[in-house]
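Step one of this worksheet: look at the structure below.
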Amino acid sequence: QGTRDHPPAQAALRERLLSAVVSCFKRHGAAAIDTPVLELRETLVGKYGEGTKLIYELQDQGGELLALRYDLTVPFARYLAMNKITNMKRYHVAKVYRRDNPAMTRGRYREFYQCDFDIAGQFDPMIPDAECLKIVHEILSDLQLGDFVIKVNHRQILNGVFAICGVPESKFIPACSTVDKLDKVPWEEVRSEMVGEKGLSPEAADRIGEYVQLHGGLELIERLLQDPKLSQNKLAKEGLGDMKLLFEYLTLFGITGKISFDLSLARGLDYYTGVIFEAVLLQQENQHVEEPVSVGSVAGGGRYDGLVGMFDPKGRKVPCVGVSIGVERIFSILEQRLEASGEKLRTTETQVLVATPQKHLLAARLKLISELWGAGIKAEMLYKKDPKLLKQLQYCEDTGIPLAAIVGEQELADGVVKLRDIATREEVRM
């Protein structure tokens, strides 16, 4: 349940998608790393808020309690701490595992790919954060998925809001994961969960509601900086200062048109400490469906300055900011599009089929194909001693091979090869 096999056409589409994402990461100067799919259970537990219950725990193996990785961020933090690395720009594309209730149609699985880009190190504020948002903007624009918006918020602004609304600090994180549901359910439901399950007073919930329903741009940041209560709160003031700087840099990158400062964005994960963001596709143009389907979040991330310190015996901190691209959701959109267009995707990259028109020429085919492979050319032949020429050409048509290199008795005698363009049927002797 919640896993899938990828037949060749899907695997080819996935490879195309991943290579577009990775080429953007490389363009921004990131190096690749890889970490084991297994982590110590204690490395993962307590880092994901309510997500902790979705960790795949494994049985005791020779005295070690292990679990399958839940994301690529916590393993990265562990890797930095273990290797005493204080400065790194990395990307990592790999599978992660969540014991979730799968919703395959929405691209929700128990085993799925994540594509992460992170910048670790002590730098001037908001410069790396702005670059992470630029990367999301580039990838979503490159993939031409339609209109999108990148929502941005700041954990300190949220914590400041909770503080001035009378929420005790011990309830900041639970309150956060409730606010995070605002994009899926109306405020009334979020409010009743805050009061009913999370134990906040109705007054506190109402005051929170006044803030978390706000969204806008630079003008909203300026307005909140003038807010008599918020501007008195140290956390909120720092957060708003960061946001103002961030918007300055995003303006220079020319991407503020797609950015929304949204106070309802909370991101349920425990480890975020600063800027947080999430990219949402606004609608899916789909001719057969009456109403547009919102696919939800296709990228998310933020700043997590305390996570590396959790794994360092001396508690040394390494500030980090990163982004994760939700390739599964993007993949399901691309897949639906491909189906709708009826276009056939090539599953191989073969450039030429080595073919023979008469019998008893297997040796000539084997010699020629060996030369082609030796020259780095992607070539195939049929695994039959004496295939009919029509069958060989039909194979090219079926699999999209553009050229056939034909060696018959005449060609062998003249020491040439006949090259046939499958689409135009033109032939040249070489």
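The values are calculated or read from the model by the stated rules, or taken from the named source; none is laboratory data. This one's a predicted model, so the numbers in the text were calculated from it and none came from an experiment. Ideal geometry is used to build each Cβ from the backbone, glycine not excepted, and the neighbour counts take in all protein chains shown. Accessible surface areas use protein heavy atoms only, side chains included; no ligands, DNA or RNA. Shrake-Rupley method; radii C 1.70, N 1.55, O 1.52, S 1.80 Å.
General remarks:
- Chymotrypsin sites (Phe, Trp or Tyr not before Pro) restricted to segment 298-399 and DSSP loop, no more than 16 other C-beta within 10 Å: Tyr383
- Cα-based shape type of segment 5-87, given that a ≥ b ≥ c are square roots of the gyration tensor eigenvalues and the cut on a/c is 1.5: oblate
- Sequence-distant contacts, meaning Cα pairs under 8 Å at least 6 residues apart, place the relative contact order of the chain at 17 percent.
- At full extension, Asp414 and Phe123 could sit 97.9 nm farther apart than now, given 0.36 nm per residue minus the alpha carbon distance.
- Leu54 versus Lys388: modelled label distance in nm, points set 7 Å from Cα along the beta carbon direction: 5.5
- Glu397-Lys26 pseudo-label distance in nm [points 7 Å out on the Cα-to-Cβ vector]: 3.7
- Taking every protein chain into account, the 1.4 Å probe leaves Lys385 with about 150 Å² of accessible area, to the nearest ten.
- Links that overshoot a 25 Å alpha carbon limit, given the list Lys89/Lys181; Lys26/Lys47; Lys89/Lys151; Lys89/Lys378; Lys89/Lys317: Lys89/Lys181; Lys26/Lys47; Lys89/Lys378
- Computed over segment 329-430: relative contact order in percent, which uses C-alpha pairs under 8 Å that are six or more apart: 27
- Between Phe172 and Arg41, the FRET efficiency from the beta-carbon distance, with R0 = 35 Å, is close to 0.85.
- Segment 31-152: C-alpha gyration tensor shape, a/c 1.5 cut-off, then a/b vs b/c: oblate
- Segment 144-160 and segment 218-237: distance between their alpha carbon centers, rounded to Å: 18
- Per residue, the convex hull volume that the Cα atoms of the chain enclose (Å³): 203
- Extending 7 Å from the Cα toward the beta-carbon at both Leu225 and Val185 defines two label points whose distance is 3.7 nm.
- Part-to-part distance (alpha-carbon centres) for segment 110-141 and segment 290-367, which is given in Å: 17
- Only protein heavy atoms count here; on that basis, with a 1.4 Å probe, Val93 has an accessible area of about 40 Å².
- Here the dipole of the chain is about 1060 debye; that uses its Cα centre as origin and unit charges on the Cβ of Lys and Arg (positive) and Asp and Glu (negative).
- For segment 34-39, putting each phi into the Karplus relation 6.51 cos²θ - 1.76 cosθ + 1.60 with θ = phi - 60° gives couplings of 9, 10, x, 6, 9, 10 Hz, in residue order, rounded to whole numbers and with x for Gly and Pro.
- Förster radius 51 Å - calculated FRET efficiency between Lys317 and Gln144, Cβ distance, rounded to 0.05: 0.80
- Between the beta carbons of Met82 and Ser19, assuming R0 = 22 Å, the FRET efficiency works out to 0.15 to the nearest 0.05.
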